[in-house]
Amino acid sequence: MSRRWIQNPNRCADEYLDGIEDFIEFARRHNPGATRIRCLCRRCNNTLWETIENVGLHLVRNGIIETYSVWNLHGDQVDHASSSNAPRVDNVEHIVDPNDQVMGIIQDVFPFASTNINQEGEDDVPTPIDSAEFEQYEKLLKNANQELYPGCESFSVLTAIVELMHGKIKYRMLNLCFDYFLGVFKRMLPTDNCLPKDHKHAQKVLHGLGLGYEKIHACKNNCMLFYKEHETLDTCPICNESRFKMTSQNRTTKIPQKVMRYLPLKPRLQRLYMSTHTATDMRWHKEKWVDDDVMRHPADGEAWKEFDRTFPEFAADPRNVRLGLATDGFNPYGVLNQHHSTWPIFAFPYNLPPWKCMKKEYMMMTVLITEDPGRSINVYLRPLVDELKDLWTNGVRTYDKSTRRMFTLRAAVMWTVNDFPAYAMISGWSTKGYMACPVCKEDVTSGWHAGKVCYLGHRRWLPWDHEWRQKDKEFDGNTERRLRPREWSGDEILEQLNRLDFAPFGKTVSRIRPSTHLNWTHKPMFFELPYWSKLKLRHNLDVMHVEKNVFDTLVGTILDIEGKTKDKIKARLDLERMGIRRGLWMNRDSDKARRYLAFFSMKPNDKKEFLKFVSSVKFPDGYASNIARCVNVDGGKFTGLKSHDCHVFMQRLLPVGTRHLFPEDVVKPIMLLSRFFSQLTAKTLRRTGMFQLRHDIFQVLCKFEMIFPPAFFTSMMHVMVHLPEEALLASPVNYRWMYPIERLLGELKKSVRNRAKPEGSIIEAWVQYESLTFCGILPAVAVEPAVATVASLPSPAAPLPAVPSRFSFLYHLSCLLLQMSDLIRRGRSMTTAPSSDPPAQSASAATAPVLLDHVVVGPGASQAPASSASSVAQPASARRRHRPTDTIDTTSTDGTGASGSQPDTGMPDCKPADTPIVRITNLVFMWIRPDAATKLYCDNQYAFEIANNLVQHDRTKHVEVDWHFIKEKLEHKLISIPFVPSSEQIC
């Protein structure tokens, strides 16, 4: 049986659909009696269990894991693996059994403990494990083989503990609550059961599956770590502060002043190769990479390619790991203590395919710091940098489960991801003052305006002969003849840092910086890595926070919100001092001076209209939060907007709501800015498009300089000029922004149970999560399918005709869709109602799938245009009966084909049901007829924009897979979406 269909990107091709049918037949043959199997779609990733029918549906909707060519988890035999090019796998699972699954996990954790591996006669024999590891292996094996109680065949002791601990982590159960229920379960079971009596004993059983962490004492003033050569000291040699707290003399143990938790990186990287599927995915960046104009992965960036050219010996083995590092602080107490800050440092591998990169399951916490370290973060990075140097120079011997061989694993950090304050800590360049831009450095154009430092001079990026360079009064009063700031290489920066002398770290050290140091505060620890100075991009500007700050500045100014607008009295006086834009000067009347509303600010009536528009917008469920709750119409301002709210507002609402309220000269740059962020934050980028985007942002900033006062240009407004260049160097921004890190910090905050020791609670919960995630029980992506399953819908009123087996589940789903009377209620619910009896069908129609020439979707009883009436012109009664050859009106809410009432959304002809309607209709009918371009008529320009210019990012409260499925079919010309004006519709 050929499995070439796995590599077919067209999920509507006959080869792909035939392959799904072959797989379903294979699964039923090798798993007799099983009702559920592992789902091997990209979203479930062999971690979720679904019915066989739903697995077939997921494979069409989400696609199959392209690297899963040996179906060992679904009963594939070893002889097939050995006769093909696929790697040899011995773990064969015919029927789902939790005990067998746990045994497989133990073999993955201790691959050297099994004597079968050493007898294979491999070229590279694995190193035997030491006695301590073998003792852990024997304990786990004993618990895995021991019945929970005599006669229990379903659960072993280890299986039961893993299941219970999974529930504890998933639902954040308190230890006391877990102890109570564990005691109840123990009393329910027979008296001779082996279930642990409390959480502490359960943790001891699972200790062998975890990776553990180290506690390293630190100086109270962040001067140093009591680490390696300083491990035996009792006082800090820099500030003479005691290592331990003053306690009672009767106390036998000493309490350290400060503790840093360090989680070793090597064993966590090794675990990526303990699972067959993860080990294969770690080579995706090399084996599945496509060299074209589209940038979809960090491997497509110029920085990655330059690294490969500079270090060919590292790039020769695709199993070597490319890492990203990120850090940020959060308050584990919420609002109870505003001064405490916890700083974790995360590492995440970029070898994985795009649908696994930046997922929580593959992120590794490496350091946990108990307070904001500031510039002393170098002190806490010492263990991590030492390990990274060893991983680059010597590597670590690792067992690859997919090839069953040992190899030397090496790792390199490609770049860091931080917000602007953490950028200064990691890079060593202060992001405050006259040289706040870490890219332009001392060549940045800055000045003192309206009581603060502002950043102008964006005409420097324009072509040398551009007409705006010769204008003076329209800008800052001067012509511009300077070239753009120079770019500093890593070697030049390192040479500059080596010439400077920096003060020691610590709170007690004077922080006066000599003028010769420019904005350098310290030499970054990462320059100790041999390759760090050769990287083209070492630190990323966080697009998430840049977009949020730009939005706050722009909206606060155009709405003239008190406290947020940059058009203050000081800004007007600054214009007078500079002698430019006389129309914005203060209006002096006798002894008073008044600030009149500027032409770029909304009038009171316009502001109220704009705020009412924003408060009336309804987004599809999962696309955005309820932005209306943040609108204060009477107060004329916004309150409580989160970063993602600003992300949606900037790209979707701002250009629509302001286009009729401002002059054209003001509206155009605002719309260009919105389009800039919309294209920059897409999941896939084109290199040619990035060059145009770079030109657009130069134009936008120069136009803003002609509109707004100099006080408008904060450091966040300036760094936008560097974002397209970083996208060309690295990749799409969804691999380099703080959204996944911020979500992970929110999860860590919820894990704090002991408020007296928050870091201890966080680290213990994280270690438990790591072990259970490795077990494969914790779902890799806990997302419910966006389309209701067939089992959740009522049966059709009439019996369904027989169809070929390949289309059976697709045909049934399409027939159920035709009988829906209420597709979407309030944008979420989807129910069905029995329709009238279908008309008689011919024999050929009863044995073939439904074929449709047109599928009409859209709000307001969208029908085909009058020009194509020949394909849809028919009596209303016939349209209501939904014959298979009719045109389908998916916007009907009462089952009659007529439009129901629309909720007020603030957009013309736009209602929340549009998104799922287009999605569901496209999914169903594209499966049924893959050989022709299906037409989806639509009268909603907003839906057009979403379908063609996607900004839905994975796991940022956006619709994830379904819109990208539509765009994929648009690119392959399998569907077309012709626009139908409402005036040309039949109804």
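Our estimate of slack between Arg743 and His695, defined as 0.36 nm per intervening residue step minus the Cα-Cα distance, is 14.0 nm. Exposure check, 1.4 Å probe, all protein chains in place: Tyr262 carries approximately 10 Å² of accessible surface. Would you tally the net charge around Val367, using a Cβ to Cβ cut-off of less than 14 Å, leaving Val367 out, and scoring K and R as +1, D and E as -1? Local charge sum for Val367: -2.
For Trp464 and Asn605, a Förster radius of 45 Å and the Cβ-Cβ distance give a FRET efficiency of 0.50, rounded to the nearest 0.05. Taken as Cα centroids, the stretch 195-210 and the stretch 458-487 sit 67 Å apart, rounded to the nearest whole angstrom.
Remark: the stretch 374-387, residue by residue, has Karplus-estimated 3J(HN,Hα) of x, 5, 7, 4, 4, 4, 7, 7, 4, x, 5, 5, 4, 5 Hz, where x stands for each Gly or Pro and the curve is 6.51 cos²θ - 1.76 cosθ + 1.60 at θ = phi - 60°. Applying Stokes-Einstein at 37 °C and 0.692 mPa s to the Kirkwood radius of the stretch 587-732, computed over alpha-carbon pairs, gives a translational diffusion coefficient of 190 µm² s⁻¹. Protection proxy ranking of 405-418, 486-499, 726-739, by the mean of other Cβ atoms within 10 Å over each peptide's residues and highest first, is 726-739, 405-418, 486-499. Here the gap between Glu371 and Asp317, fully extended at 0.36 nm per residue and compared with their Cα-Cα distance, gives a gain of 15.5 nm. Protein-only accessible surface at a 1.4 angstrom probe places the residues Trp468, Trp448, Trp49 in the order Trp448, Trp49, Trp468, largest first. Backbone geometry of the stretch 443-457 corresponds, through the Karplus equation with coefficients 6.51, -1.76 and 1.60 at θ = phi - 60°, to 3J(HN,Hα) couplings of 8, 6, 9, 9, x, 8, 9, 6, x, 7, 7, 10, 10, 10, x Hz, x marking Gly and Pro.
Over the stretch 400-547, accessible surface divided per residue gives 44 Å², non-protein components excluded, 1.4 Å probe. Modelled this way, with points 7 Å down the Cα-to-C-beta line, the labels at Glu306 and Arg594 are 5.6 nm from one another. Can you give the extra length, in nm with one decimal, that the chain gains between Asp293 and Arg29 once fully stretched, where that is 0.36 nm per residue apart less the Cα-Cα distance? Value of the extension gain: 90.7 nm.
Given a Förster distance of 35 Å, report the FRET efficiency between Thr639 and Lys757 from their Cβ-Cβ distance, rounded to the nearest 0.05. Efficiency for this residue pair is about 0.50. Computed from backbone phi, the HN-Hα couplings of the stretch 670-686 come to 5, 5, 5, 5, 4, 5, 4, 5, 5, 7, 5, 8, 5, 6, 10, 10, 10 Hz, rounded to whole numbers (Karplus: 6.51 cos²θ - 1.76 cosθ + 1.60, θ = phi - 60°; Gly and Pro given as x).
The values are calculated or read from the model by the stated rules, or taken from the named source; none is laboratory data. The structure displayed is predicted, hence computed values, not measured ones. With ideal geometry, Cβ positions are generated from the backbone for all residues, glycine too; neighbour counts draw on all protein chains shown. Accessible surface areas use protein heavy atoms only, side chains included; no ligands, DNA or RNA. Shrake-Rupley method; radii C 1.70, N 1.55, O 1.52, S 1.80 Å.
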